[in-house]
Amino acid sequence: MTSILQGFTKSLAMTVLSEIGDKTFFAAAILAMRHPRRLVLSGCLSALIVMTILSVLVGWAAPNLVSRKWSHHITTLLFFGFGLWSLKDAIFGDGDAEELAEVEAELDKSWKSNNGATKNSKKVDDDTKKNKQRPFFSQFFSPIFLKAFSITFFGEWGDKSQLATIGLAADENPFGVVLGGILGQALCTTAAVIGGKSLASQISEKIVALSGGILFIVFGIQSFLSPV
């Protein structure tokens, strides 16, 4: 039970500090302004849950492919590396406004290429009306759900938080890591969808990156001092 709780708390803290102010966080906030929040939340959260489970499975299988000793040392190096990476982003990274503007520009480009700039508002209204009339389960095959899912899934693929989850699952109880990761993803995504762009623009990405960097280094020190 102690190992599950330790994996849960580590995963929860790491996920929250990694995802707040992340590109997928901003993408969820912007998408929620243009489409029904229920579909955006379900699409983004489904992608993050799938990504978390896949990452934990890879981390859980790692000690079976590589010796436990090596997987422990690799995890320790990952924590120190991600900690230094986050601290570098906090000190030398661009401002929060640039990150939000970059995500918004990418979504605007995709929006215009797919729908045409002159038909955007009408298209959203039509989609909203159609989605309200659809049965609950059929909405999971709607273009809005699939768009939110794909943007989030591919945005997280190879991201720092995914690699950190793999490393954490290799060193901690995988069940606790899954529970903590899913809860952390749910909290961050719900906050992004409900708060929208106004909340996203108020978040200090530098403070979040600094906190995340310190947390990763603490995990690295703990992993270094703990026996294999």
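Below, the figures for the structure above:
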quantity: Residue satisfying condition, being more than 25 Å from Ser142 (Cα to Cα), modelled with pLDDT under 90, of a type in the set (D, E, K, R) and touching a Gly at 6+ places or on another chain (Cβ under 9 Å), within set Lys23, Lys10, Lys69; calculated: Lys10
quantity: Residues of the stretch 139-155 satisfying the condition of being surrounded by 24 or more Cβ atoms within 10 Å (Cβ to Cβ) and not hydrophobic (A, V, I, L, M, F, W, C); calculated: Thr152
quantity: Answer from Leu87, Leu77 - the residue that is modelled with pLDDT of 80 or more and either open to solvent by less than 100 Å² (accessible area, probe 1.4 Å) or farther than 18 Å from Met14 by Cα (or both); calculated: Leu87
quantity: Among residues of the stretch 1-30, those that are in contact with a Phe, Trp or Tyr (Cβ under 8 Å, 6 or more places away or on another chain), hydrophobic (A, V, I, L, M, F, W, C) and open to solvent by 10 Å² or more (accessible area, probe 1.4 Å), counted; calculated: 1
quantity: Set Gly180, Gly176, Gly213, Gly196: member being touching a Gly at 6+ places or on another chain (Cβ under 8 Å) and at pLDDT below 85; calculated: Gly213
quantity: Trp60, sole failed condition from (1) over 27 Å from Ser223 (Cβ atoms); (2) open to solvent by 10 Å² or more (accessible area, probe 1.4 Å); (3) of a type in the set (Phe, Trp, Tyr); calculated: (1)
quantity: Selection status of Ala170, at pLDDT below 85, of a type in the set (Gly, Ala, Ser) and over 11 Å from the mean Cα position of the chain (by Cα); calculated: yes
quantity: Per-region count, the stretch 31-52, residues closer than 23 Å to Gly220 by Cα and surrounded by fewer than 21 Cβ atoms within 10 Å (Cβ to Cβ); calculated: 0
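The values are calculated or read from the model by the stated rules, or taken from the named source; none is laboratory data. This is a predicted model, so every value here is computed, not measured. When we count neighbours, we look across all protein chains shown, and the Cβ atoms used for this are built from the backbone with ideal geometry, even at glycine. These accessible areas exclude ligands, DNA and RNA; they are computed on the full protein's heavy atoms, side chains included. Shrake-Rupley method; radii C 1.70, N 1.55, O 1.52, S 1.80 Å.
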